[in-house]
Each structure stands twice: as structure tokens, then as C-alpha cells.
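Data first, discussion second: the structure below is written as C-alpha cells.
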Amino acid sequence: MTAATEQHRVIARNDEEKNMSDDREAWPTLDELLREEGELELAGLSETDAYELGMLAVTAASEQRLPVSIGVWRTGRQLFHCGLPGSTADNDAWLRRKGRVVMRFEHSSLYMARLCQDKQVTLAERYGLPAERYAAAGGAVPLRVRGTGVVGWVGVSGLPQLDDHRFVVDVLRKLPR
């Protein structure tokens, strides 16, 4: 193993271990996360839908004074972004890393975090994905359109990962089906 490969493995392990420090007992199971993803299916995702979803998230986060970055993407195009007071460029970077996980695996980033934790591996170890670009940490959820499949993702970053995930799911549950 080269020094660069070893350093990459250590970075990935440290990032994922840091994010896995939340109380494991509170985490949903893989089956619960799969069921949840199925319940969040949308009728469509236009630019207007993405804006409305983003603004719904901004309103909810603002009411709670949450220091988060919020993003909505469809395929490779960012349709909405907002950094609320207290969020940082680091939150934006984490948001993109979580979103790449969703688009790669078509599951929530929390699902992939749980899968990696259960198998005691990192994304880098199991799939060869660079930790600088992919994060198995909760907070990004696939946007699945009925009859089409995953077309994008919505996410937040700035809270503990389980809270990031729950926030996104709560916002998605407010959308009309």
C-alpha cells in the first residue's frame, strides 16, 4: 500500500468514525430506511418543485434557527442552495459529498452510513471512493419520482448526521404526493 493510499484510508476512516459517534441505538435499521425511502416518492421534480422544496426546508430551518446549508439537485444540476446563518463553506462541502453518495447508490446517505457501519468498512475500503468526494453521513435523501426512479437528491448539513437526515425526511413528508 502506498503512503498516499494509506493516508486516504485513514482520512476516510476518521471522517466516517467521527460521524458514526451518534448514539447507534437511535439509528433506524437498513429495512426502516428502505421503507422510508419508498414512502417519500414524488409525483415529479420540476425546477419549480425544487424551489418550493428548498424554500420549505429554509422556512423550517429558519423557524428553528438551524445553522444549515440546504441543497436540491436534479441529476447533475443544482436547482436550489441556501446557506443559513451559522452555516459554513464546510457544510456546503459536506452537503455535496453526501449528495454524491445518494446519486452513486440511489439510497440516502444515512442508509449508506448504516450499511458501512454494520459491515465495519468505509466507502473507500468497500467501494474505492475517495473520502474527499464521498461521505457516508446522514443528511442527503434521494428524490425518487414515481415511474422514473431516482432523479436527484435533497440534503442539509450543519447538524449531527441523524438530525440532518430527520430534518430532510420531515420536510419531504410535508410535500403533496
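Condition check: open to solvent by 30 Å² or more (accessible area, probe 1.4 Å), free of Cβ contacts under 8 Å to residues at least 24 places away in the same chain and not hydroxyl-bearing (Ser, Thr, Tyr). Does residue 85 satisfy that?
Details: open to solvent by 30 Å² or more (accessible area, probe 1.4 Å): yes; free of Cβ contacts under 8 Å to residues at least 24 places away in the same chain: yes; not hydroxyl-bearing (Ser, Thr, Tyr): yes.
Taking the combined requirement at face value, the residue satisfies it.
Would a scan of the stretch 71-79 turn up a residue that is modelled with pLDDT of 95 or more, open to solvent by 60 Å² or more (accessible area, probe 1.4 Å) and farther than 17 Å from residue 169 by Cβ?
If we filter the stretch 71-79 for residues that are modelled with pLDDT of 95 or more, which is where we start, we get 71-74, 77-79.
If we keep only those that are open to solvent by 60 Å² or more (accessible area, probe 1.4 Å) as well, we get 77-78.
Keeping just the survivors that are farther than 17 Å from residue 169 by Cβ gives 77-78.
Within the stretch 71-79, one or more residues are modelled with pLDDT of 95 or more, open to solvent by 60 Å² or more (accessible area, probe 1.4 Å) and farther than 17 Å from residue 169 by Cβ.
Within the bounds of the stretch 139-156, is there any residue that is among the basic types (Lys, Arg), touching a helix residue (DSSP H, G or I) at 6+ places or on another chain (Cβ under 8 Å) and open to solvent by 10 Å² or more (accessible area, probe 1.4 Å)?
First, pick out the residues of the stretch 139-156 that are among the basic types (Lys, Arg): 144, 146.
Right, trim to touching a helix residue (DSSP H, G or I) at 6+ places or on another chain (Cβ under 8 Å) and you get 144.
Subset that is open to solvent by 10 Å² or more (accessible area, probe 1.4 Å): 144.
Looking for residues that are among the basic types (Lys, Arg), touching a helix residue (DSSP H, G or I) at 6+ places or on another chain (Cβ under 8 Å) and open to solvent by 10 Å² or more (accessible area, probe 1.4 Å), one finds at least one in the stretch 139-156, hence yes.
Being within 29 Å of residue 84 (Cα to Cα) and of a type in the set (Ser, Thr, Tyr) is the filter; apply it to the stretch 1-59 and report the residue that is modelled with the lowest pLDDT.
For the stretch 1-59, the residue satisfying everything is 21.
Determine if the stretch 62-76 includes at least one residue that is part of a helix (DSSP H, G or I) and out of contact with any His (no Cβ under 8 Å at 6 or more places or on another chain). Outline the logic, then answer.
First pass over the stretch 62-76, keeping only residues part of a helix (DSSP H, G or I): 62-63.
With out of contact with any His (no Cβ under 8 Å at 6 or more places or on another chain) added as a condition, the list becomes 62-63.
Taking every residue of the stretch 62-76 in turn, at least one turns out to be part of a helix (DSSP H, G or I) and out of contact with any His (no Cβ under 8 Å at 6 or more places or on another chain).
Just one of (1) surrounded by fewer than 22 Cβ atoms within 10 Å (Cβ to Cβ); (2) under 27 Å from residue 29 (Cβ atoms); (3) among the polar types (S, T, N, Q) trips up residue 109, so point out which.
(1)
The values are calculated or read from the model by the stated rules, or taken from the named source; none is laboratory data. What you see is a predicted model; the values in this text were computed from it and never measured. All Cβ positions, glycine included, derive from the backbone under ideal geometry; neighbour counts span all protein chains shown. Ligands, DNA and RNA are excluded from the accessible area calculation, which covers all protein heavy atoms including side chains. Shrake-Rupley method; radii C 1.70, N 1.55, O 1.52, S 1.80 Å.
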